[in-house]
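Structure first, then comments.
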Amino acid sequence: MCRHLAFLGPPEPLGTLLVEPAHSLYRQSWAPRRQRYGTVNADGFGVGWYADGDLVPGRYRRSGPIWGDQSFADLARVVRSGALLAAVRDATVAGADGEAAAAPFASGPWLFSHNGAVTGWPGSLAALTEALPPAELLSMEARCDSALVWALVLHRLRDGDEEGQALADTVLDVAAAAPGSRLNLLLTNGDTITATAWGDTLWYLAEPGRRTVVASEPYDDDPHWREVPDRTLLAASRTDILLTPLKEPTA
């Protein structure tokens with residue numbers, strides 16, 4: 001259910017990361033190699049990227065498959081960035097909200113994506129919405145599970161939680177309310193990447209001091225890719241990777 005990728009490093013054309021590699025996110029939209037659930041990610045896509053001197057990222061999202069968008073081909077060829085988050089989508093509920101449901105979701109400096117699905121959606125998370133102010137619920141971009149997971153994460157970030165704590169606590173709350181959910185979350189602020197491996201694949205490629213890539217699966221056959229163990233929180237910068245085990249929620 002979706003593939004996603006985040007990158008920190010020297011500025012590169014979007015296409016160098018998302019289109020050109022042999023097993024790029026572009027190709028993963030129809031031929032993922034390690035996707036455990038679903039086979040085609042054609043229900044939308046998006047990319048968010050940061051420009052020098054601007055803390056708020058730009059976004060380009062569409063409701064159709066990435067391979068059918070010629071405008072994206074031009075964009076990916078000429079736009080350069082040293083930080084981005086991109087995703088291709090396999091919808092949990094077909095047709096839910098179109099482009100608005102395509103990651104990355106955004107607020108202020110943050111870009112966010114969810115690879116997975118919430119079991120029992122939407123009823124399973126009804127109780128968790130009580131923690132959200134009505135204005136935040138009404139401001140949700142879409143009516144899908146990923147958008148609500150983002151709302152829960154964003155509420156914690158706005159309350160001052162550090163990125164890793166916000167992701168970890170959200171994953172544990174959702175997993176307790178909806179056991180069996182797959183909750184691979186990916187978050188960046190343009191300087192760091194934070195992610196969870198919870199029910200699906202997650203990998204990283206690190207060249208300390210140069211670039212860091214975190215992705216659902218490797219986009220090439222570089223032997224330096226490393227798989228993140230399931231039930232793990234990843235915190236990354238351009239120089240460091242930290243992996244922290246996540247405990248199953250208690251009954």
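Build a GNM of the chain with springs between Cα atoms under 10 Å apart, and of 178, 83, 131 the one that fluctuates most is 131. Since only 244, 184, 223 are under comparison, the one whose Cα sits farthest along the positive direction of the charge dipole of segment 177-251, derived from C-beta charges on Lys, Arg, Asp and Glu, is 244. Estimated from helical segments only, the mean residue ellipticity of the chain at 222 nm is -6000 deg cm²/dmol, where each DSSP H run of four or more residues counts as -39500 (n - 2.57).
Is there a quick way to get the dipole size of the chain? I mean about its Cα centre, with the Cβ of Lys and Arg at +1 and of Asp and Glu at -1; what is the value in debye to the nearest 20?
Numbers: 21 positive and 31 negative charges, 84 e Å.
Computed charge dipole of the chain: roughly 400 debye.
Using a Gaussian network model of the chain in which every pair of alpha carbons under 10 angstrom is joined by a spring, one finds that among 106, 176, 87 the greatest mean-square fluctuation is at 176. Relative contact order, whole percent, for the chain stands at 22, derived from Cα pairs under 8 Å and 6 or more residues apart. Residue by residue, segment 242-249 carries 3J(HN,Hα) couplings of 10, 10, 10, x, 10, 8, 4, x Hz when phi is fed to the Karplus relation 6.51 cos²θ - 1.76 cosθ + 1.60 (θ = phi - 60°); x denotes Gly or Pro.
Using the Cα centre as the reference, give the magnitude of the dipole from point charges on the C-beta atoms of segment 149-221 (Lys, Arg: +1; Asp, Glu: -1; all else neutral), rounded to the nearest 20 debye.
On the way: 5 positive and 12 negative charges, 22 e Å.
It works out to roughly 100 debye.
Amide H to amide H, with H built 1.01 Å from N, residue 12 comes under 5 Å of 81, 82, counting only residues 5 or more places away or on other chains. Distance from the C-alpha centroid of segment 194-219 to that of segment 75-131: 18 Å, rounded to the whole angstrom.
Count the net charge of all other residues whose Cβ sits under 10 Å from the Cβ of residue 28, scoring Lys and Arg as +1 and Asp and Glu as -1.
On the way: positive: 3, 27, 33, 34; negative: 217.
In short, +3.
Annotation: amide H-H contacts under 5 Å for residue 30 (H modelled 1.01 Å from N, sequence separation of 5 or more, or interchain): 41.
When segment 1-88 is described by a simple charge dipole with +1 on each Lys and Arg Cβ and -1 on each Asp and Glu Cβ, the residue from 48, 86, 14 located farthest towards its positive end is 86.
Since every read-out is calculated from the coordinates, none of them should be taken as a lab result. These numbers were taken from a predicted model, which means no experiment stands behind them. Neighbour counts run over all protein chains shown; Cβ positions are idealised from the backbone, glycine included.
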